[in-house]
Amino acid sequence: MTRPRTARPLVLAVATVLAAAALAVPARADARHHGPARSLPVVVPRAETPVLHDDEAGGDADADDPAIWRNPAAPARSLVVATAKEGGLRVYDLDARPVQSIAAPPAAGPDDAPGRFNNVDLVQGLRLSSGRADLAVTSDRGHDRLRFYRIDRDRAGGPLTDVTDPAAPAVFSRDQAEINDQRTAYGLATWTDPASGTAYALVSRRERTAVTLLRLLPTAGGKVSYRTIRTLELPASFRLPNGTSWTPCGEPGEQPQVEGMVVDPADGILYAGQEDVGIWRLRADLTGTPKLVDRVREYGVPGVYDEETEECTPGADPGFGGTRISSDVEGLTLVTERGGDGHLLASSQGDDTFAAYDRELADRNEYEGGFRVGPGSGVLDGSEECDGTAALNAPLGPKYPNGLLVVQDGHDTPGDGDRPATGFKFVDLGTVLDALDR
């Protein structure tokens, strides 16, 4: 089917300005609150999902990113929706038990990339042609599209129903050949403009620095599509305080990508984690000049890519990086509190920790501490190499009266021999807030 022509999106080329703006963050700035990672407080999970295996026997399922849907009528019957890459979507109850499994769409052709669900977020109360509905939205990296699933908690057959418009366009690619290159839809955050009630998705591009703003469009038959509003390019290289230029090391042709993203609904601010660089703060409508809130420790460290090992050999550290997060900076989530208080939480994948920043712009997103998710028992392990995170600061019945934090575990232990093993850990959010108040 030929896709209808759309207006050429507005692209904001701001790399030069942003590279200079990045210098606004002092090198090794304010380490007063940060000690060695091992000294951070430890919180423990209350439950974990069944392990997923990223191999043929396991359906190529690889846990990545969660979202928490609160059931307003019965909070104890809320759900966690999570991506499993080629394994599709998983839905869990608050006991971390599977409720539904949704397969990723098959490849368009025998030589094409299969569906691969990367990140997920929620939209509440979107007005569809069939009535208002809560939606789970996921980035299908394999097909370079967004997929939409209506949430009906007690629907026979499972709470999620696919309502993606079949004519929904590719997000970044012009044709199937570009889709197969897999520089496609990757990170994802949703945002509803409170002034207009318009719902949007912000999507990053794999192996590129682009973030694009999509307006969600209800279509006939209760389906959902989208169209591009504008795209912003974050920097791929940076001018360091010593006058040299630095580009994060990676495979030839790759740029430092963004994955973890979250929008603060109170002020329409997007936080975006550029994995080997740090955390950016920018307007969710992608106008204005982004600011680098914090840098990874490896910021400014030169590296040489080894094609045999497919790894980078780092050079001498010039000392321009941050002190709180280690690349890759991954899952970002918000803990909202009344009066604008709360925290931005970031997964520091490189050292298995989590960093917390003040949510309030008046406090310039000041660092407020960190924590680890450690083992709860001999069979309930913690979180290592965490990709995605999701927090909800609202009562969720007797199991989680203080709210819930869900974190991906990139190395489930005890595992099953040499099989890749991942999953999700459920943590009482109250214990996290207590740890940050110490």
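Scan the stretch 90-135 residue by residue and report those that are within 21 Å of residue 50 (Cα to Cα), among the aliphatic types (A, V, I, L, M) and in a strand (DSSP E or B). Spell out the reasoning first.
Filtering the stretch 90-135 down to residues within 21 Å of residue 50 (Cα to Cα) leaves 90-104, 116-120.
Next cut, among the aliphatic types (A, V, I, L, M) only: 91, 94, 96, 99, 102-104, 120.
Residues satisfying the conditions are 91, 99, 102, 120.
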> Give me the pairs: first residue in the stretch 399-412 and over 16 Å from residue 385 (Cβ atoms) and assigned to a loop (DSSP other than H, G, I, E, B), second residue among the polar types (S, T, N, Q) and open to solvent by 10 Å² or more (accessible area, probe 1.4 Å), beta-carbon distance under 9 Å, and six or more apart or on different chains, which are they?
Replying inline: 402/393; 402/431; 403/393
>> What pairs come out if I take residues in the stretch 255-267 that are within 17 Å of residue 286 (Cβ to Cβ) and pair them with residues that are outside any strand (DSSP E or B) and open to solvent by less than 10 Å² (accessible area, probe 1.4 Å) whose C-beta lies under 6 Å away, six or more apart or interchain?
In response: 263/284
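What number of residues within the stretch 295-324 are touching a Phe, Trp or Tyr at 6+ places or on another chain (Cβ under 9 Å), within 24 Å of residue 357 (Cβ to Cβ) and in a strand (DSSP E or B)?
Start the filter on the stretch 295-324 by keeping residues that are touching a Phe, Trp or Tyr at 6+ places or on another chain (Cβ under 9 Å), which leaves 295, 299-302, 311-313, 318, 320-324.
Next cut, within 24 Å of residue 357 (Cβ to Cβ) only: 295, 299-301, 320-324.
Then drop every residue that is not in a strand (DSSP E or B), which leaves 295.
So the count comes out to 1.
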> In the stretch 160-183, how many are open to solvent by 20 Å² or more (accessible area, probe 1.4 Å), without any contact (Cβ under 8 Å) to a residue 40 or more places away in the chain and of a type in the set (Gly, Ala, Ser)?
Replying inline: 1
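Please determine, by comparing only the residues of the stretch 226-245 that are crowded, with 20+ Cβ neighbours inside 10 Å and touching a strand residue (DSSP E or B) at 6+ places or on another chain (Cβ under 7 Å), which one is nearest to residue 150 (Cα to Cα).
Within the stretch 226-245, the subset crowded, with 20+ Cβ neighbours inside 10 Å is 226, 231-232, 234-235, 238.
From the residues that got through so far, the ones that are touching a strand residue (DSSP E or B) at 6+ places or on another chain (Cβ under 7 Å) too are 226, 231-232, 234, 238.
Numbers: 226: 16, 231: 27, 232: 29, 234: 32, 238: 42 Å.
Of everything passing the filter in the stretch 226-245, 226 is nearest to residue 150 (Cα to Cα).
Restricting attention to the stretch 269-294, which residues are in a loop (DSSP other than H, G, I, E, B) and open to solvent by 10 Å² or more (accessible area, probe 1.4 Å)? If you could, list the steps in order and put the result at the bottom.
From the stretch 269-294, those in a loop (DSSP other than H, G, I, E, B) are 275-277, 284-290; that's our starting set.
Listed by number, the residues that qualify are 275, 276, 285, 287, 288, 289.
Just give me the residues in the stretch 196-221 being under 24 Å from residue 132 (Cβ atoms), open to solvent by 40 Å² or more (accessible area, probe 1.4 Å) and of a type outside the set (A, V, I, L, M), in sequence order.
Result: 196, 197, 215, 218, 221.
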>> Every residue in the stretch 397-425 that is crowded, with 23+ Cβ neighbours inside 10 Å and within 21 Å of residue 336 (Cα to Cα), please.
In response: 400, 404, 405, 406, 407, 408, 425
> Hey, among 433, 392, which residue is within 18 Å of the chain's Cα centre (by Cα) and open to solvent by 20 Å² or more (accessible area, probe 1.4 Å)?
Replying inline: 392
>> Can you pull out every residue in the stretch 343-388 that is in a strand (DSSP E or B) and in contact with a Pro (Cβ under 7 Å, 6 or more places away or on another chain)?
In response: 371, 373
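The values are calculated or read from the model by the stated rules, or taken from the named source; none is laboratory data. In this text, all values refer to a predicted model and were calculated from it rather than measured experimentally. Cβ sites come from the backbone with ideal geometry, for glycine too, and all protein chains shown count toward neighbours. The area values use the complete protein model at the heavy-atom level, side chains included, leaving out ligands, DNA and RNA. Shrake-Rupley method; radii C 1.70, N 1.55, O 1.52, S 1.80 Å.
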